[in-house]
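Engineer: My questions will all concern the structure given below.
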Amino acid sequence: MVQRETWATRAGFILAAVGSAVGLGNIWRFPYQVGEQGGAAFLFIYLLLIVMIGFPVILVEFVVGRNTERNPVGALKRLGSGAWTKIGWVFVTAGFVILSYYSVVAGWTLRYVLLGLQGQYTADGAPAQFGEVATGLDAVLLHAIFMAAVIAIVALGIERGIELSVKVMVPAIIAISIGLAVYAFTLEGAGDAYAYYLSPELSTITSQWTTILPAAAAQAFFTLSLGMGVMITYASYLGEDRNLAEDAGIIAGLDTFIAFLAGLIAFPILFAAGIEPGASGPALIFVSLAAAFAELPLGGILGAIFFGTVAIAALSSAISIMEVVVSYMIDERGVGRVPATVALGVAMFVVGVPAALDLIFIDLYDGFANSILLMLGGLLLSIFVGWIIPDLAIEEVSKGIKDVGSLGVAWLWFIRIPVVLALIVLVALNAWDY
Ligand code: PHE
Ligand code: NA
């Protein structure tokens, strides 16, 4: 039997997990969710959920992955029996659906890099321009190009493909995002933008929490790459025993930092151009930001840098989604890495084609996979880890922590009751909404 792959370094693992977390979720989805859900009130609830649900659930996935050194389906087969082993299928299905439309949106970002370089952003024509970019043959072609890049990296394997590429991509994403946020700070109107983004009104929270809460929870799961086994898969390549809680903290912290920065970039640029963030939906960063870039000096270049960063962030996330399904094919089906990656990439491309032809599929896929499958996956896995394998979970989470005391037990009980109950309510609300 071939030796299973592992990360070469601890930094490699963390960068890959951060690369997975930081993506379209932070820079494309987060700002439009803030816009749709009432600005700072959403940000506030979102931050709360990252800490209360996101962080503990990352650990749920980590313990399963590191303990079993298996892909999500295989990990559940090893630890559980009967129906529990089926949770893995929720993950694999979610991965399939998410990557198929994720790649379409990533394709748009490539197109906006080109438009910026050619100086073709327009203020008045932005919605029409987006319509042309987002659907049709061009969109299909760019979707294919992006998927080909994902296939190429994942086919190269953990160390030579994923680890090497994230070592370049992740530092670049962080550095450029900071640079753009500093630039946005210098714009006229930045003050109003910060007020909109940063000072929540209690009345918005109290009157709209039934919609803000489930939307923020779905965003928290998506942005942290939770609920579809990415963190199980990445932790399964961890050789030694290190402090999982520390790694989870770094990953959640950096992801939140980049989402927060995306807001600090997007809102001042929109306000400077006199554009309301409002209910633009998935088009927000494409239509409104491109329109804003059209009005700004050097906007074409800045826009190309911005959208280029989004494309890189999307790539480092997309490879993690692909790796979940590929690791399943390798471990459980005995398929080679290269043929598995190519076959899955082609299949996901095909599933994504409708989304490249009609925007309605983006909403459909996103709503189903994101707000339902991911949270359902996270809920089922939390029940499993909290109630079915508690001793193993405490032992695994405690490894590598000095003076662990009762921290492991506290985490377990937090998963067992508050997290599980909250997720039941939130999944139900999202399903109802869908
Ligand atoms: N976390 C990624 C982002 O924010 C998206 C993602 C979701 C990646 C689920 C993997 C699994 O863009
Ligand atoms: Na993210």
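Engineer: Do we have any residue at all in region 68-90 that's under 25 Å from T256 (Cβ atoms), within 16 Å of ligand 2 (Cβ to nearest atom) and either under 23 Å from the mean Cα position of the chain (by Cα) or surrounded by 24 or more Cβ atoms within 10 Å (Cβ to Cβ) (or both)?
Structural biologist: Let us first name the residues in region 68-90 that are under 25 Å from T256 (Cβ atoms), namely 72.
Still in the running and within 16 Å of ligand 2 (Cβ to nearest atom): none.
Checking region 68-90: not a single residue is under 25 Å from T256 (Cβ atoms), within 16 Å of ligand 2 (Cβ to nearest atom) and either under 23 Å from the mean Cα position of the chain (by Cα) or surrounded by 24 or more Cβ atoms within 10 Å (Cβ to Cβ) (or both).
Engineer: For I45, only one of the following conditions fails: (1) in contact with a helix residue (DSSP H, G or I) (Cβ under 6 Å, 6 or more places away or on another chain); (2) under 20 Å from V326 (Cβ atoms). What is its number?
Structural biologist: Checking I45 against (1) in contact with a helix residue (DSSP H, G or I) (Cβ under 6 Å, 6 or more places away or on another chain); (2) under 20 Å from V326 (Cβ atoms), the one that fails is (2).
Engineer: Inside region 82-132, can you point out the residues that are part of a helix (DSSP H, G or I) and among the hydroxyl-bearing types (S, T, Y)?
Structural biologist: Kept after step one, since they are part of a helix (DSSP H, G or I), are these residues of region 82-132: 82-117, 126-132.
Answer for region 82-132, where residues must be part of a helix (DSSP H, G or I) and among the hydroxyl-bearing types (S, T, Y): T85, T93, S100, Y101, Y102, S103, T109, Y112.
Engineer: Can you tell me which residue among I319, I305 is within 16 Å of ligand 1 (Cβ to nearest atom), of a type in the set (A, V, I, L, M, F, W, C) and farther than 18 Å from A75 by Cβ? Break it down into steps so the answer makes sense when it comes.
Structural biologist: Working: I305 fails: within 16 Å of ligand 1 (Cβ to nearest atom).
None of the other options fit; the residue is I319.
Engineer: Go through region 1-41 and give me each residue that's assigned to a helix (DSSP H, G or I) and away from ligand 1 (no atom under 16 Å from the Cβ).
Structural biologist: Our first condition is that a residue be assigned to a helix (DSSP H, G or I); within region 1-41, this holds for 10-21, 24-36, 40-41.
Once the filter is applied, which keeps residues that are assigned to a helix (DSSP H, G or I) and away from ligand 1 (no atom under 16 Å from the Cβ), region 1-41 yields R10, A11, G12, G35, E36, A40, A41.
Engineer: Looking at region 379-389, is at least one residue away from ligand 2 (no atom under 16 Å from the Cβ) and among the small types (G, A, S)? Explain how you work it out, then say what you get.
Structural biologist: Keep residues of region 379-389 that are away from ligand 2 (no atom under 16 Å from the Cβ), which gives 379-389.
Okay, now just the ones that are also among the small types (G, A, S), so 382, 386.
Within region 379-389 (the criterion being away from ligand 2 (no atom under 16 Å from the Cβ) and among the small types (G, A, S)), the answer is yes, since at least one residue qualifies.
Engineer: What number of residues within region 330-360 are hydrophobic (A, V, I, L, M, F, W, C), modelled with pLDDT under 95 and more than 22 Å from the chain's Cα centre (by Cα)?
Structural biologist: 1
Engineer: While we're looking at this one, here's another question. If you scan region 134-155, which residues turn out to be crowded, with 18+ Cβ neighbours inside 10 Å and not in a helix (DSSP H, G or I)?
Structural biologist: T135
Engineer: When only residues in region 206-226 that are within 10 Å of ligand 1 (Cβ to nearest atom) and hydroxyl-bearing (S, T, Y) count, which is surrounded by the most Cβ atoms within 10 Å (Cβ to Cβ)?
Structural biologist: Top of the filtered list is S225.
Engineer: Please determine whether any residue of region 102-121 is more than 19 Å from A369 (Cβ to Cβ), at pLDDT below 95, away from ligand 1 (no atom under 16 Å from the Cβ) and β-branched (V, I, T).
Structural biologist: Of region 102-121, the ones more than 19 Å from A369 (Cβ to Cβ) are 109-121.
Checking which are at pLDDT below 95 leaves us with none.
No, region 102-121 has no match at all.
Engineer: In region 211-226, which residues are touching a helix residue (DSSP H, G or I) at 6+ places or on another chain (Cβ under 7 Å) and in a helix (DSSP H, G or I)?
Structural biologist: Listed by number, the residues that qualify are I212, L213, P214, A215, A216, A217, A218, Q219, A220, F221, F222, T223.
Engineer: Further question on the same structure: Determine whether I232 is surrounded by fewer than 23 Cβ atoms within 10 Å (Cβ to Cβ), within 16 Å of ligand 1 (Cβ to nearest atom) and either over 24 Å from the mean Cα position of the chain (by Cα) or touching a residue at least 12 places away in the same chain (Cβ under 8 Å) (or both).
Structural biologist: Working: surrounded by fewer than 23 Cβ atoms within 10 Å (Cβ to Cβ): no; within 16 Å of ligand 1 (Cβ to nearest atom): yes; either over 24 Å from the mean Cα position of the chain (by Cα) or touching a residue at least 12 places away in the same chain (Cβ under 8 Å) (or both): yes.
Against the criterion (surrounded by fewer than 23 Cβ atoms within 10 Å (Cβ to Cβ), within 16 Å of ligand 1 (Cβ to nearest atom) and either over 24 Å from the mean Cα position of the chain (by Cα) or touching a residue at least 12 places away in the same chain (Cβ under 8 Å) (or both)), I232 does not qualify.
Engineer: Condition first: over 19 Å from A248 (Cβ atoms) and either within 16 Å of the chain's Cα centre (by Cα) or aromatic (F, W, Y) (or both). Can you find one or more residues in region 2-25 that meet it?
Structural biologist: Taking every residue of region 2-25 in turn, at least one turns out to be over 19 Å from A248 (Cβ atoms) and either within 16 Å of the chain's Cα centre (by Cα) or aromatic (F, W, Y) (or both).
The values are calculated or read from the model by the stated rules, or taken from the named source; none is laboratory data. Being a predicted model, the structure only gives us computed values, none of them experimental. Virtual Cβ from ideal backbone geometry, glycine too; neighbours counted across all protein chains shown.
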